[in-house]
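The values are calculated or read from the model by the stated rules, or taken from the named source; none is laboratory data. In this text, all values refer to a predicted model and were calculated from it rather than measured experimentally. Cβ coordinates were reconstructed from backbone atoms using ideal geometry, including for glycine residues, and neighbour counts include every protein chain displayed. In case anyone asks, the SASA skips ligands and DNA or RNA and just uses the protein heavy atoms, side chains included. Shrake-Rupley method; radii C 1.70, N 1.55, O 1.52, S 1.80 Å.
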Amino acid sequence: MDLQDHKKLEILRSQIESYKVSDIMNTDFPTLSPEDRVSEVLSLFKKTGYQEIPVVVDGGFDGVVSYGTLLKKKGITGETKVKNVMIGGSTVSPDDNLMDVAEKMVVSNFRQMAVVTGSSKKKIAGIISRAAIVEVVSRLKTINEIRVWEVMTNPVESVSASDTLDKAVELMRALDIRTVPVLEGEKIKGILGMNEVIEYNWKAGNRSLSDLTDHIKVEVGSICTDMALTINWDSDIEEAAEIMSENKISTLPVLESGIPVGVITQYDIIEVVAACRQRDMLFVQLSGLSDSDKEYSDQIYEEIQSEITKISKVGKPNSLTIHFAKYNDGGERQKFSISARLALDSDVFTAKEVGWDLMKTVSILMKKITSAVMDRKDAKDTFRKRKK
């Protein structure tokens, strides 16, 4: 089975390598200037569906405005100028392969990236999006060997239909996500995304973005999308990619016997593409650590190395991304919410852990990943027997 999986990975890698950025980039895309205002930015987000828009000066790439950045900043008003909120962003070239682009998207958590040309690599030729890569995945028959349950995020991060919008947006801020399932009891009622938040909240630029969490008490169930599309846990990710592409959505709740057991997103599929990239050593990405917690970086890497040594005995780890977030749990102290994704051969493993102590939480999280890796082969073999 290991040999068979390796051959399938090689076939999948060659199929992905047959596509270049120039094959799927969008040449009709929105742009901003440094003097534009945030009210205009949000209008473009709403109109185009983009959540990262390049800032252009004299036809050249100057930076990017990301909804994720705006969401984290306090005190921004509709009159705030783009030059005060823009950030430097990664760019790609037309000849780049999709695995390299997918890895950049994983690292940056961007949904769209500028495609640049010229000797200075500044002239924008197009935009490549997660959605475009996911559409490619929907056409790759080899990828149907990977099941939804193998790459979905679990447990489900969700809000109740009766929760208020400020609580939902605070969850998005804390976990660095922009879409969340809405539950009514144990059933999926709909999906709340940033498009719905913008639609409801922004009134001609007369609110500050901090109002999204400070004052909005409308119930989530009244503004979320209804009749959310879902997928079964044992479906393949080719089917998931097809549903996302055909319906222009980024998130699918995953069900088992009608009960949500996880979510699969464009990000999850992009990670699978990035994991196919050949590399000589493990790529590790830590994100979200506050300045005060970065002093623990060496200890965190030691904990990672300890568990990766065990994992390497059963497969070849390709990449590990760990995201750190803090949130208040009803008191003055802040809890850590840490999530991890490990790409191992053709598999992706996810885990999440919450705790008060940073290093203890990291240790438990990494042991969860190791345990999942050790259990995966048995689970795959059991699934194959069930399908025969």
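Applying the selection to segment 365-377, what residues are over 14 Å from residue 305 (Cα atoms) and either aliphatic (A, V, I, L, M) or touching a strand residue (DSSP E or B) at 6+ places or on another chain (Cβ under 8 Å) (or both)?
Hits for segment 365-377 are 368, 372, 373, 374, 376.
Name the single residue that is least open to solvent (accessible area, probe 1.4 Å) among those in segment 161-185 being more than 13 Å from residue 220 (Cα to Cα) and touching an Asp or Glu at 6+ places or on another chain (Cβ under 8 Å).
Applying the filter and picking the extreme gives 175.
Filter segment 84-101 for residues that are more than 19 Å from residue 286 (Cα to Cα) and among the polar types (S, T, N, Q); which is surrounded by the most Cβ atoms within 10 Å (Cβ to Cβ)?
Of everything passing the filter in segment 84-101, 91 is surrounded by the most Cβ atoms within 10 Å (Cβ to Cβ).
Mind telling me which of the residues 81, 123, 104 ends up being open to solvent by 40 Å² or more (accessible area, probe 1.4 Å) and closer than 26 Å to residue 249 by Cβ? Before you say what the answer is, go through the steps one by one.
Working: 81 fails: closer than 26 Å to residue 249 by Cβ; 123 fails: closer than 26 Å to residue 249 by Cβ.
Residue meeting the stated conditions: 104.
State all residues of segment 104-131 that are modelled with pLDDT under 85 and touching a helix residue (DSSP H, G or I) at 6+ places or on another chain (Cβ under 8 Å); if no residue qualifies, say none.
Initial filter on segment 104-131 (modelled with pLDDT under 85): 106-109, 118-122.
Scanning segment 104-131 gives 106, 109.
Which residue is nearest to residue 130 (Cα to Cα), if the candidates are limited to segment 67-103 and must be polar (S, T, N, Q) and over 19 Å from the mean Cα position of the chain (by Cα)? Even if it seems obvious, please write down each step before you answer.
Let us first name the residues in segment 67-103 that are polar (S, T, N, Q), namely 69, 77, 80, 84, 90-91, 93, 97.
The next check asks that each one be over 19 Å from the mean Cα position of the chain (by Cα); those that pass are 77, 80, 84, 93, 97.
Numbers: 77: 29, 80: 28, 84: 26, 93: 16, 97: 14 Å.
So the residue we want is 97.
From (1) of a type in the set (A, V, I, L, M, F, W, C); (2) out of contact with any Ser or Thr (no Cβ under 8 Å at 6 or more places or on another chain); (3) open to solvent by 40 Å² or more (accessible area, probe 1.4 Å), pick out the condition that doesn't hold for residue 282.
Only one criterion is unmet by residue 282, namely (2).
How do the strands (runs of 3 or more DSSP E) wholly within segment 31-141 filter down when requiring 3 or more residues that are over 29 Å from residue 243 (Cβ atoms): which remain? Lay out the reasoning, then the answer.
Values: elements: 52-57, 60-66, 112-117, 123-129.
Answer list for segment 31-141: 52-57, 60-66, 123-129.
To keep it simple, each residue is scored yes or no on (1) in contact with a helix residue (DSSP H, G or I) (Cβ under 8 Å, 6 or more places away or on another chain); (2) modelled with pLDDT of 85 or more.
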residue	(1), (2)
24	yes, yes
33	yes, yes
52	yes, yes
57	no, yes
68	no, no
89	yes, no
94	yes, yes
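Taking the stated definitions as given, is residue 154 modelled with pLDDT under 80, open to solvent by less than 40 Å² (accessible area, probe 1.4 Å) and within 24 Å of the chain's Cα centre (by Cα)? If you could, list the steps in order and put the result at the bottom.
Working: modelled with pLDDT under 80: yes; open to solvent by less than 40 Å² (accessible area, probe 1.4 Å): no; within 24 Å of the chain's Cα centre (by Cα): yes.
Here the answer is no, as residue 154 does not meet what is asked.
Quick check on residue 374: is it closer than 26 Å to residue 144 by Cβ, outside any strand (DSSP E or B), of a type outside the set (S, T, N, Q) and modelled with pLDDT of 85 or more?
On the way: closer than 26 Å to residue 144 by Cβ: yes; outside any strand (DSSP E or B): yes; of a type outside the set (S, T, N, Q): yes; modelled with pLDDT of 85 or more: yes.
Here the answer is yes, as residue 374 does meet what is asked.
When the residues of segment 20-69 are filtered to those that are within 23 Å of residue 273 (Cβ to Cβ) and of a type in the set (Ser, Thr, Tyr), which remaining residue is surrounded by the fewest Cβ atoms within 10 Å (Cβ to Cβ)?
Per the criteria, the residue is 27.
Go through segment 229-268 and give me each residue that's of a type outside the set (D, E, K, R), touching a residue at least 12 places away in the same chain (Cβ under 8 Å), open to solvent by 20 Å² or more (accessible area, probe 1.4 Å) and not in a strand (DSSP E or B).
Within segment 229-268, 229, 230, 233, 243, 245, 247, 249, 250, 258, 266, 267 meet the criteria.
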